[in-house]
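First comes the structure, then the notes that go with it.
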Amino acid sequence: MNRLARLRVEDIQAWLGEVHLSDRKGQTPYYIPVLKQVNPEVFALQIHCLEGEILSWGDETVTFPLMSVIKPFLLLYLLTHLGEDAVFRRVGKQASSYPFNSLTQLQEDRGFPRNPMINSGAIALADLLAGETPESRCKNLLLWLNEMGNCQLFIDRSVLDSVHSYPNTHNQALSLELEKNGYISHRYLALETYNQICCLSGKIADLANLGKLILAAPFGEIILEIMTNCGLYEASQQFALEVGFPTKSGVSGALLSIVPKQGAIACYSPLLNEQGNSILGLNLLTHISHFVK
């Protein structure tokens, strides 16, 4: 029985009322000015059930950058095109107890990125994408995701310009460490490719469709395991114990969660907690998990 399909508008409205007060204590990322300026009250939620039913709440028309939610799909693309051996020579599968942009973690691991869901891992994997320029690499991933996921993603140039306007010293340090230890070949190319793919943007339906792509993918089990252990950074382990859904967050406030054998949950709410995860999104997932179990 798919309990996810039995959710009602009334259920979600009640849970929204409960979590909105705590949600206001969150923040948006200062280091991407265009994200700092978004309306903190904007909200979108869409659930795609495996049987085909689609449930929607909030603003279905709002567009937002995926940011780090692109990371499972970068991994999926490379596993599909290059295979496991090539991918996991560049990145591990272990959880990290440090923040998503930690140089300390990378140095402790002698330059080998611990998993694909943190910045060092995604920068290393961006170096594996085919193409001679960041633009061509990003386009290859974009076209493949739109075709395979039935999406209409696009690169949001205003977000990319905003990313460029505030030099990210953390990511620059990570790319230097990766290059120094031989885990990327071209530091500029890898980092700028990473910047561009994080600015791939879409609507809530696009994100939910991408979730269904993981559910149907040959490498889906690998990706879901990594999302469970690493998708919410240092909060992953506790969330896995309490909720149990494989989940990936992004600093835009995007959140994608998979309910095995039932469907995909996509949420967008911009206010973040200290770990960089959507406060409202995580609260809703907790309520939904109690409902479907």
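Under the criterion of Cα pairs below 8 Å and six or more residues apart, the relative contact order for the stretch 73-191 equals 29 percent. Computing Cα extents along the principal axes in Å directly from the structure and comparing it against (i) 54, 39, 34; (ii) 70, 47, 33; (iii) 63, 46, 33 singles out (i).
Rounded to the nearest 10 degrees, the angle from helix 71-82 to the longest Cα principal axis of the chain is 60 degrees. For the chain, the longest principal axis of the C-alpha atoms and the axis of helix 134-149 are separated by about 30°.
Please identify the GluC sites (Glu not before Pro) of the stretch 74-141 that satisfy two criteria: DSSP loop assignment and at most 11 other Cβ atoms within 10 Å. Which are they? For GluC sites (Glu not before Pro) across the stretch 74-141 that sit outside H, G, I, E and B with at most 11 neighbouring Cβ atoms in 10 Å, the list reads GLU132. Measuring nothing but protein heavy atoms, the accessible surface of the chain at 1.4 Å probe radius is 50 percent carbon and sulfur.
A dipole drawn for the chain from +1 and -1 charges on Cβ atoms has a positive end, and of ALA240, SER158, GLN27 the residue lying farthest that way is ALA240. Modelled this way, with points 7 Å down the Cα-to-C-beta line, the labels at HIS170 and GLN275 are 1.4 nm from one another. Distances between placed amide hydrogens fall under 5 Å for ASP59 paired with PHE43, ALA44, LEU45, all partners being 5 or more residues away or on another chain. Annotation: amide H-H contacts under 5 Å for ILE155 (H modelled 1.01 Å from N, sequence separation of 5 or more, or interchain): SER201.
Restricting the stretch 1-105 to trypsin sites (Lys or Arg not before Pro) that sit in a DSSP loop and have at most 13 other Cβ atoms within 10 Å of their own Cβ leaves ARG8, ARG24, LYS25, ARG89. Contact order for the chain, expressed relative to its length and based on alpha carbon pairs under 8 Å spaced 6+ residues apart, stands at 29 percent. Heavy atoms of the protein chains alone define the surface here; on that basis the stretch 11-160 has 46 Å² accessible area per residue at 1.4 Å probe size.
Helix-only mean residue ellipticity at 222 nm, the chain, DSSP H runs n ≥ 4 weighted -39,500 (n - 2.57), per residue, nearest 500. What is it?
Details: 14 runs with 144 residues, N = 293.
So the calculated ellipticity at 222 nm is -14500 deg cm²/dmol.
Roughly how many debye, to the nearest 20, is the charge dipole of the chain about its Cα centre, given +1 on each Lys and Arg Cβ, -1 on each Asp and Glu Cβ, and no other charges?
Numbers: 22 positive and 28 negative charges, 45 e Å.
Computed about the Cα centre, the dipole is about 220 debye.
How long is the gain from LEU241 to LYS261 if the chain were fully straight, where each residue apart is worth 0.36 nm and the alpha carbon distance is subtracted? Don't skip to the end; give the middle numbers.
Working: separation 20, 0.36 × 20 = 7.20 nm, distance 1.88 nm.
Stretched fully, the LEU241-LYS261 segment lengthens by 5.3 nm.
Solvent-accessible area per residue in the stretch 198-284 equals 29 Å², computed with a 1.4 angstrom probe and all protein chains kept. Helix 187-198 and the longest principal axis of the C-alpha atoms of the chain enclose an angle of approximately 10°.
Measuring only protein heavy atoms, the 1.4 Å probe finds HIS186 accessible over about 100 Å².
The values are calculated or read from the model by the stated rules, or taken from the named source; none is laboratory data. Keep in mind that this is a model prediction, so the values were computed, not measured. Methodologically, a virtual Cβ is constructed for each residue, glycine included, from the backbone with ideal geometry; neighbour enumeration extends over all protein chains shown. Only protein heavy atoms, including side chains, enter the accessible area calculation; ligands, DNA and RNA are left aside. Shrake-Rupley method; radii C 1.70, N 1.55, O 1.52, S 1.80 Å.
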